[in-house]
Structure formats: C-alpha cells, structure tokens
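Below is one structure; the comments refer to it alone.
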Amino acid sequence: MKAVAVTPGTPNSVHLQDIPKPQLDDIGGGMGVLVRVLKVGVDATDREINDALYGNAPPGDDYLVLGHESFGIVEAVGPNVTRVKPGDYVTATVRRPGGSIYDLIGTNDMTSEETYYERGINLLHGYLTEYFVEEEEYIVRVPQGLKHLHVLMEPMSCAAKAVHQAFEAQRRMRVWRPRLAYVLGSGQIGLLTTLILRLCGMQVYTIARGVPPHLKADIVEGFEAHYVSTQKLPLPALVAETGRPDLIVDATGNSQLAFEAMQYLGHNGVVVWTSITGGSRQIEIPSDRVNIEWVLGNKLLLGSVNANREHFELGIRDLALGEMMFPGVCEKILTNPVDGLGNYQEMMRLLVEDDSALKVFVNVAE
C-alpha cells in the first residue's frame with residue numbers, strides 16, 4: 001500500500017513510499033484494531049520534519065511515514081478489543097510509552113526519558129497511509145456527530161491538555177478562578193484553545209499580527225471571544241485596557257513572543273507554552289523586572305507538549321459542547337483539503353507557501 005514518507009536527515013525528501021499492509025495480529029494479545037485511514041491532518045511539524053530539523057526513522061527502516069493527526073474507520077478488531085467495533089470512527093494518540101514510571105502509568109506524554117516515541121514524528125511511522133493497526137489503548141472513538149471535524153481531534157487534544165495542565169498546576173492556589181485569558185497565535189491550536197477557554201467562561205483575547213477582516217478573526221468572534229491585531233493594538237496597550245490576564249497560552253511558534261508574554265501576566269497567573277521553536281534566535285528581556293514580579297507575584301510557567309488518551313477524550317467532549325454552543329464555527333478551521341496520497345507535493349506546498357492555509361488535510365479515502 002502507499003504512504004507519504006520522508007528520508008530523515010535529508011531536506012525536502014518527501015515522497016510516496018510502498019509499505020506492507022498491516023495485519024491485526026501485528027498486535028499481540030488479541031488487542032489490535034485495524035483502521036482504514038480516511039483523512040490525515042498535516043501541520044508545521046510535518047513541514048519541519050521534511051526540512052530535516054528533527055525526526056528519526058523506526059529501527060530497521062530508512063524512511064519515516066509522516067502524519068500524526070489521524071481520522072479513520074475501524075475495519076476489524078482483535079477478539080479481546082472492547083472499546084471500539086467495526087464501523088466506528090476513530091482517531092489515534094501520537095506518543096507511545098518508553099520505560100519511565102510516567103510511561104508505565106499511561107502518562108507517556110510526560111516521559112522523563114530523553115528518547116521519545118511518536119507516530120509520524122520520531123522512531124514510529126505515522127498515519128499518512130491507507131491503513132494502520134494499533135493497540136486498542138491508543139485508539140479513541142469519535143462520535144458520528146463529530147465526523148465533519150475529523151482531523152481536529154489531535155490538535156484539540158493538545159489544546160485541551162494545555163488548559164487542563166494549567167488548572168492542575170494551580171491546585172497549589174486552593175482556589176483559582178481565572179477570568180481573563182490571552183491566547184497568543186491564531187493558528188489551529190490558538191483557535192481551539194480560544195474555544196476551550198470560552199467554554200470555561202473566561203473573557204478571551206486571541207492575539208495575532210493579521211489585521212481583520214479575515215477568517216481567523218471571524219472564527220475567534222464566532223466563539224464570542226475578542227480578536228486583537230498587534231499591528232493595531234500592541235500588547236502593552238491591550239494590557240492597559242484589559243488589565244493583566246490570569247492565564248496566557250502561547251501558540252505562536254515564536255520564542256520572542258513566548259518570552260515577552262511573561263512580562264504581562266497577572267498575580268498568581270500561569271503562562272503555558274505549547275509551541276516548538278526551532279532555530280537559534282536570541283532576544284533581550286528585562287530579566288530583573290521579570291524575576292522580581294514572578295517571585296513576588298507567585299507566577300508559573302509551564303510547557304505542554306503532545307497529549308495522552310485522557311486529553312483526547314477531554315478535547316472530543318469540548319468539541320461536542322463547542323458545536324452546541326457555537327454551531328458551525330469549528331468546521332471553518334478546515335480550510336485546505338488535498339485529494340489523495342499522490343498529491344503530497346501540493347500538501348507540502350500549502351504548508352510551505354500558503355499563509356492562508358489554516359488547516360491542511362489529506363483526503364485519503366471516502
């Protein structure tokens with residue numbers, strides 16, 4: 001069968017690869033689930049792997065199948081599978097356990113090991129192919145009523161984890177009731193984070209460079225949040241208007257903005273970094289002022305990467321509630337379909353060249 005793959009370490013090596021079709025008994029103990037892939041989302045991670053910034057092939061292979069945002073339909077299950085059945089729509093988690101205690105208890109997204117295993121990213125093949133087989137534990141059922149949101153399940157899990165981790169960390173406060181939140185960045189993670197925070201009842205300002213009118217601003221406003229262009233209203237001026245936020249989630253992919261956010265956080269607040277920034281940018285920050293304000297203000301910075309099964313399930317529940325509260329808004333994120341695995345060059349072109357491509361996804365099958 002066909003798959004879209006790269007040769008790790010070789011820039012711009014994306015290609016169509018022939019690979020064996022997986023079998024149910026590839027997973028032991030009767031716990032396998034055979035999934036026919038319907039759609040796969042792609043994003044900056046896939047672009048950066050094709051740029052050879054990171055990513056490694058599984059042992060024994062010289063290629064890595066791309067794609068970590070899966071959506072498909074179950075075709076067959078092993079005799080001991082109970083969570084899903086043939087005909088169910090499903091997605092699949094991305095990170096797989098290593099050997100640390102965190103891996104062993106199901107929080108493999110929090111592994112303490114340097115080596116990590118992620119489908120389509122590092123040491124494990126991804127989902128940008130016709131079929132995959134996976135252990136039941138890593139398959140998450142998608143309600144039929146959400147199938148039109150298909151590849152948003154994985155990015156939504158990352159947004160759900162970021163918000164969940166902030167609340168988990170703030171148990172230290174005994175009572176933490178954030179009312180004002182800033183979301184930096186209006187890509188898919190930023191927009192989905194905006195949705196989650198609105199569902200939490202917060203006043204949300206989603207901040208990006210682009211000047212409205214445009215689709216991202218429309219989506220933010222569809223969630224009854226506020227879109228702010230920094231070209232029209234810089235962050236210091238916004239803080240002067242709103243007061244300091246209780247929570248800031250950075251989803252920009254820009255380390256300068258991630259560090260600048262630390263200057264604007266309110267007392268007892270949290271900054272969550274969700275984006276990976278490659279490169280070697282260096283900036284100057286008012287470190288003494290940040291230091292004293294953070295110590296005296298009991299502020300917290302945390303990083304959030306990937307997601308486990310719990311976060312996928314949280315994200316799916318929030319998508320369902322979001323569809324009830326703000327019907328039709330989430331679907332606007334799905335902007336750029338690409339038909340067929342054979343059109344991988346167009347897929348990559350959209351990721352590299354088209355700034356208006358909010359969410360690129362491949363229609364693998366009907």
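I want to confirm something. Restricting to region 321-351 and keeping residues that are over 21 Å from the mean Cα position of the chain (by Cα) and of a type in the set (S, T, N, Q), which single residue is surrounded by the fewest Cβ atoms within 10 Å (Cβ to Cβ)?
Filtering region 321-351 for residues that are over 21 Å from the mean Cα position of the chain (by Cα) and of a type in the set (S, T, N, Q), the one surrounded by the fewest Cβ atoms within 10 Å (Cβ to Cβ) comes out as 345.
Residue under question is residue 124, and the condition is that it be closer than 30 Å to residue 269 by Cα, in contact with a Lys or Arg (Cβ under 9 Å, 6 or more places away or on another chain) and of a type outside the set (Phe, Trp, Tyr); does it hold? Steps first, answer last, please.
Details: closer than 30 Å to residue 269 by Cα: no; in contact with a Lys or Arg (Cβ under 9 Å, 6 or more places away or on another chain): yes; of a type outside the set (Phe, Trp, Tyr): yes.
No, not satisfied.
Please go through region 251-285 and pick out each residue that is within 20 Å of the chain's Cα centre (by Cα) and closer than 19 Å to residue 169 by Cβ.
251, 258, 270, 271, 272, 273, 274, 275
Please enumerate the residues belonging to region 222-249 that are out of contact with any strand residue (DSSP E or B) (no Cβ under 6 Å at 6 or more places or on another chain) and within 21 Å of residue 322 (Cα to Cα).
222, 223, 224
Just one of the numbered conditions (1) in contact (Cβ under 8 Å) with a residue 12 or more places away in the chain; (2) not in a strand (DSSP E or B) is not true of residue 205; which one?
All conditions pass for residue 205, except number (2).
Would you check if residue 145 is of a type in the set (Gly, Ala, Ser), assigned to a strand (DSSP E or B) and in contact (Cβ under 8 Å) with a residue 40 or more places away in the chain? Can you show your working first?
Working: of a type in the set (Gly, Ala, Ser): yes; assigned to a strand (DSSP E or B): no; in contact (Cβ under 8 Å) with a residue 40 or more places away in the chain: yes.
No, not satisfied.
Among the helices (runs of 4 or more DSSP H) contained in region 281-366, which hold 1 or more residues that are within 30 Å of residue 16 (Cβ to Cβ) and modelled with pLDDT of 95 or more? I'd like the intermediate steps shown before the answer.
Working: elements: 287-296, 309-325, 344-353.
Here the list reads 309-325, 344-353.
Going by what's in this entry, would residue 65 be described as out of contact with any Asp or Glu (no Cβ under 8 Å at 6 or more places or on another chain), buried (at least 20 other Cβ atoms within 10 Å of the Cβ) and either charged (D, E, K, R) or at pLDDT 95 or above (or both)? Show your work before the answer.
On the way: out of contact with any Asp or Glu (no Cβ under 8 Å at 6 or more places or on another chain): yes; buried (at least 20 other Cβ atoms within 10 Å of the Cβ): yes; either charged (D, E, K, R) or at pLDDT 95 or above (or both): yes.
Yes.
Residue check: is residue 228 assigned by TED's automatic domain parsing to the domain that holds residue 167, under 25 Å from the mean Cα position of the chain (by Cα), touching a residue at least 60 places away in the same chain (Cβ under 8 Å) and part of a strand (DSSP E or B)? Explain how you work it out, then say what you get.
Details: assigned by TED's automatic domain parsing to the domain that holds residue 167: yes; under 25 Å from the mean Cα position of the chain (by Cα): yes; touching a residue at least 60 places away in the same chain (Cβ under 8 Å): no; part of a strand (DSSP E or B): yes.
So residue 228 fails the test.
Name every residue in region 271-303 that is β-branched (Val, Ile, Thr) and touching a strand residue (DSSP E or B) at 6+ places or on another chain (Cβ under 8 Å), in order of residue number. Even if it seems obvious, please write down each step before you answer.
Initially, region 271-303 is screened for residues β-branched (Val, Ile, Thr), giving 271-272, 274, 276-277, 283, 285, 290, 292, 295.
Passing the criteria: 271, 272, 274.
Of the conditions (1) in the same structural domain as residue 356 (by TED's automatic domain parsing); (2) outside any strand (DSSP E or B), residue 192 fails just one. Which one is it?
Of the numbered conditions (1) in the same structural domain as residue 356 (by TED's automatic domain parsing); (2) outside any strand (DSSP E or B), the odd one out for residue 192 is (1).
The values are calculated or read from the model by the stated rules, or taken from the named source; none is laboratory data. The structure presented is a predicted model; accordingly, all values stated were derived computationally and were not measured. Ideal geometry is used to build each Cβ from the backbone, glycine not excepted, and the neighbour counts take in all protein chains shown.
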